[in-house]
1. In degrees between 0 and 90, to the nearest 10, how far off the longest principal axis of the chain does helix 185-197 point, with axes built from Cα atoms?
2. Aspartates and glutamates near K208 by alpha-carbon distance under 15 Å, same-chain residues fewer than 8 away left out - which ones?
3. Going down the list K59/K251; K73/K95; K59/K95, which pairs span over 32 Å between their C-alpha atoms?
4. If R0 is 35 Å, what FRET efficiency do you get for K251 and E69 from their C-beta distance, rounded to 0.05?
5. Which percent, nearest 5, of DSSP beta bridges in the chain are antiparallel?
6. What is the antiparallel percent of DSSP beta bridges lying wholly in the range 104-257, to the nearest 5?
7. May I ask what percent, to the nearest 5, of DSSP beta bridges between residues of the range 47-172 are antiparallel?
8. Which peptide among 234-243, 12-21, 104-113 comes first, and what is the full order, when sorted by highest mean count of other Cβ atoms within 10 Å?
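We did not get these values from a lab; they are worked out from the coordinates using the rules stated. Just so it is clear, the structure is predicted and the values come from calculations on it, not from any experiment. With ideal geometry, Cβ positions are generated from the backbone for all residues, glycine too; neighbour counts draw on all protein chains shown.
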Amino acid sequence: SSYETIDVETHGRVGLIRLNRPQALNALNALLISEVDCALAGFEADDGVGCVVVTGSEKAFAAGADIKEMKDKSFADAYLSDFIGRWDTVARARKPIIAAVAGFALGGGCELAMMCDFIIAADTAQFGQPEIKIGVIPGAGGTQRLTRAIGKAKAMDLVLTGRMMGAEEAERCGLVARIVPAADLVAEALKAGAAVAVMSLPAAMMAKEAVNAAFETTLTEGVRYERRLFYSLFATQDQKEGMAAFVEKRKPAFQNR
Ligand code: HXC
């Protein structure tokens, strides 16, 4: 690929973005974020891609925002440039995205993983929001998404002490969907991605939209929203194909239409 800080591949219908700044434990600098943006936009526009996996290295998913790049910013620099605004692309992506995390997922790294739809962790994964230790607080959604994911007690513990949490604890408290052996992480994430990518893409995208609505609205509104999306899927050929295939005891061939 033509990127400097990431590697981009496709495996069948799964797009893979590998963060690749090994000299800085994949610290998220402006270039890396803009390259992730760009790669993701490519996958979103590509009819051949049904799911995206974001991963790092064995040692680090990402050790946070790039401290060396941030340290001399003034308030005006930070506020006027809104440098964290760029990160929203991942949270706003419409296709399903899986984070595959090994090693450190700290600060902005943990926040990036939480912007994805679910996290598959290697047994070596370490999550944390250590910003407090460098005189700031999480700035890319950490105080909000972590609290929604694991509750106030654990979120306060992590955000106030800055301590790291291993994969077992992260799974126990609901941050992580599954734990796999480190050596199998990318293969397992691609397998999960492939399982998602064979589904009808409109259905998968609406499933994601509906689950996300649970974080934005009341139960009554959320259930109403879900039902509208559910009924709307009866306008797709894939609903006819999926249900016909079940009745005929064969595999469905979805057209994403
Ligand atoms: C810039 C970083 C970095 C970071 C590591 N490096 N994390 N550079 N920004 N966030 C660099 C180190 O400076 C070092 O470069 C190289 O990566 C290897 O790191 P080491 O510290 O030597 O490795 P190790 O001893 O194994 O320790 C790993 C570590 C530690 C525990 C993860 O690197 C660490 O604490 N990193 C910072 C974690 C952090 O505070 N993250 C939150 C950032 S604030 P050299 O050149 O010295 O070899 C944040 C705000 C988000 O994320 C808000 C939204 C933008």
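1. 40 degrees
2. Within reach: E44, D117, E216, E226.
3. Flagged as over cut-off: K59/K251; K73/K95.
4. That pair, K251 with E69, gives E of 0.10.
5. 30 percent
6. So the antiparallel bridges amount to about 35 percent of the total.
7. 20 percent
8. Listed from highest to lowest mean packing, they are 104-113, 12-21, 234-243.
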